[in-house]
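Heads up: the structure comes next, in structure tokens.
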Amino acid sequence: MPDHRPGAQRASLRKSRSLLIALFAALVVLTGATASAPEAQAATRKVVIVVGPVASEPASYKDSARKLADLARSYGASVKEIYSPYATWSRVKSAAVGANLLIYLGHGNGWPSPYYPYSTTSKNGFGLNASYGNGNSNVKYYGEYYMKQLDLASNAVVALNRLCYASGNNEWGAGNPTKSTAMKRVDNYGYGFIKAGAKAVYASGITSIGYVIRGLFKGSASMTLWNLFWTDPNKTDTYHFSFNSSKIAGVKAIMDPYAPNRYYRSAVGKLSTTTIGDWRAGS
């Protein structure tokens, strides 16, 4: 039989209120944990930044790299920096193990180019130090053969900054490439990294690659790597075009020249990959 005494009713009411408060608090904690999960995942990402030997202006390349490193750290990322004259292949390969984002600044050696013959050991990769600590003219090219050996994290992203060839462009003073040549360069330059497991390879020949970092760490839940490409403040979106890779099924490339035959922005990969559900959640 129910107890109708005033004290018993007050006790029962207090117990009900306590139970409701406890349930509400648990709901708040659960909701907060769910909301913060993407941020927590983002803060565990590993970023590796490499600057190869550039004899003409090493300080400029290193300054750009340090700004990118500071930006990544501002989001809580673990950042490893390797700069010339200490950027040897063995050091880069070791540092890149498990990298979620691998950024390279330096010389590019792509294909097609005037430098015959074509070789997978030297084309479409990094220009690094041939030996440790011997200056910024000490260059050896490690091509797609080596890039395929990188042990990147699942859903990793690669960003190539201030290179010749990677975004389709020529070397300075060599005129402009044809559209077909530029397309082949972008497709070829992405190949080794994508075979290593990267979901996308972004290239910016003359402007900062910082937008890639911001998009990966702060992009919305619905942002794909294709959408991320268009967050670049240096986008033109006037002469852009896309095409399917001739080398890997399911891979697509997009190029955004700032003027006809001026190919300084590109992305290639499985660009439907998402920034939160895939990149931030990747191992």
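Estimate the FRET efficiency between Tyr86 and Gln149 by the formula 1/(1 + (r/R0)^6), using the beta-carbon distance for r and 22 Å for R0, to the nearest 0.05.
Efficiency for this residue pair is about 0.65.
Using just the C-alpha positions of the range 217-283 as equal point scatterers, what log10 of I(q)/I(0) does the Debye formula give at each q in 0.13, 0.24, 0.27 1/Å?
Results for the range 217-283 at q = 0.13, 0.24, 0.27 Å⁻¹ read -0.40, -1.05, -1.15.
In debye to the nearest 20, how big a dipole does the range 185-236 give about its Cα centre with +1 on each Lys and Arg Cβ and -1 on each Asp and Glu Cβ? Don't skip to the end; give the middle numbers.
Details: 6 positive and 2 negative charges, 16 e Å.
Approximately 80 debye in magnitude.
Quick check: net charge around Lys247, other residues with Cβ under 11 Å of its Cβ, Lys/Arg +1 and Asp/Glu -1?
Working: positive: Lys184, Lys195; negative: Glu144, Asp187.
Neighbour charge sum, excluding Lys247 itself: 0.
Checking the cross-link filter: which aspartates and glutamates have an alpha carbon closer than 14 Å to that of Lys218, excluding same-chain neighbours under 8 positions apart?
Counting by Cα, and skipping residues close in sequence, Lys218 has these aspartates and glutamates nearby: Glu39, Asp232, Asp278.
Between Thr238 and Lys93, what length comes free when the chain is fully extended (0.36 nm per residue of separation minus the Cα-Cα distance, one decimal in nm)?
Value of the extension gain: 48.4 nm.
How much net charge surrounds Gly98 when only the other residues with a Cβ under 13 Å from the Cβ of Gly98 are counted, with Lys and Arg +1 and Asp and Glu -1?
Values: positive: Arg45, Lys46, Lys80, Lys93; negative: Asp151.
My count for the surroundings of Gly98 gives +3.
Report the extension gain between Glu171 and Thr44 in nm, rounded to one decimal, defined as 0.36 nm multiplied by the number of residues separating them, less their alpha carbon distance.
Full extension of this stretch gives 42.0 nm more.
Net charge within 13 Å of Cys164 by Cβ-Cβ distance, Lys/Arg positive one each and Asp/Glu negative one each, not counting Cys164 itself?
Overall, the nearby charge balance is +2.
Readers should treat all values here as calculations from the given coordinates under stated rules, not as data from a laboratory. What you see is a predicted model; the values in this text were computed from it and never measured. Neighbour counts run over all protein chains shown; Cβ positions are idealised from the backbone, glycine included.
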